[in-house]
Amino acid sequence: MPESGEGTARTHHATSVHEDDLTSGPAWELTVGAWQAAEVENRLNELMRALLGTQQRHWWAAVAGAAVDVVNDADLALVVAVDGPLGPRVVAAAGDGTETWPGSELALSAAVIEPVVQAGMNLVVPGVRLSAAGTSAVVSTLAAPLPIGEERRGALLVGRRRDRRGFTSLDMPPLGQLVRRVQLSLQLNDDWERRCQHRLKAERVRISTQAHEHVIAPLFAASMDLANLAGAADPVLRERLVDAVSAVDEVVGWLRGRLHPFSDG
């Protein structure tokens, strides 16, 4: 019969788990991957809440900041407009060393930007020099098409500096998710604006209709009555009535002029 000390020791040895086993292996990688995916999802949801109901010209700094947050080990992100007469221009930037880049021309190879904005391709570029506002950085770059207006084509560039591991296609999914959220936000905002315009048109028609029924029509009827009375009155009273009719007619004409655009929507 084993002594109690030996039994305890053997039992402890059989059930113990080495600390390294808890922070390595497939199970750990799945746990970390799930946590990172949840963090990306939370950040993208936060971005959408910030974009919805906000004027589009205020979007792009938030989009660049979100790109740095969701793409693994990103150092900088640029929202770039490519349809300007002087070539690509930085609309917004995030990351160290990019504070002066917004509004500057971006020196960037056409071989990088054209497939993105013309063919709608997502690209992984191992090393590219980004130069703007008198500074430059050589980075591994992820590039994705980004609509930045009805008539403006753009791209979202995310960079990792050269002294770090370069991007691969495995780093692209979070950027693709971000671009899809921006596209969805654009669509939702457009739908919201159309609904607002429809409601505004309906309200204008309602106001115009009620004004005609309850203001203009009674005033016009009163003007007709006064005109009839003027024909049967003595000269002094007739003159005063004619002046009153003219004043009422002037008010009716003014109201009709102001309400006509409302009735047209």
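List of remarks:
- Flag if Arg49 is exposed (fewer than 13 other Cβ atoms within 10 Å of the Cβ) and at pLDDT 75 or above: yes
- Output for the stretch 55-73, where each listed residue is in contact with a helix residue (DSSP H, G or I) (Cβ under 8 Å, 6 or more places away or on another chain) and within 17 Å of Glu99 (Cα to Cα): Trp59, Ala62, Val63, Ala66, Ala67, Asp69
- Consider the stretch 233-253 and keep the residues that are open to solvent by less than 60 Å² (accessible area, probe 1.4 Å) and over 60 Å from the mean Cα position of the chain (by Cα). The one that is farthest from Ala211 (Cα to Cα) is Ala233.
- Hey, Ser104 within 21 Å of Trp59 (Cβ to Cβ), in contact (Cβ under 8 Å) with a residue 12 or more places away in the chain and of a type outside the set (A, V, I, L, M) or not: yes
- Filter result for Val128 (at pLDDT 80 or above and touching a Ser or Thr at 6+ places or on another chain (Cβ under 7 Å)): no
- Residue in the stretch 185-200 that is in contact (Cβ under 8 Å) with a residue 40 or more places away in the chain and among the basic types (Lys, Arg) present: no
- When Gln177, Gln197, Gln183 are checked against the criterion of being at pLDDT below 80 and within 28 Å of Arg57 (Cα to Cα), Gln197 stands alone in meeting it.
The values are calculated or read from the model by the stated rules, or taken from the named source; none is laboratory data. If you're wondering where the values come from, they're calculated on a predicted model, not measured in any experiment. For neighbour counting, all protein chains shown are included, and Cβ atoms are generated from backbone atoms with ideal geometry for every residue, glycine included. Note: areas computed on protein heavy atoms with side chains; ligands, DNA, RNA excluded. Shrake-Rupley method; radii C 1.70, N 1.55, O 1.52, S 1.80 Å.
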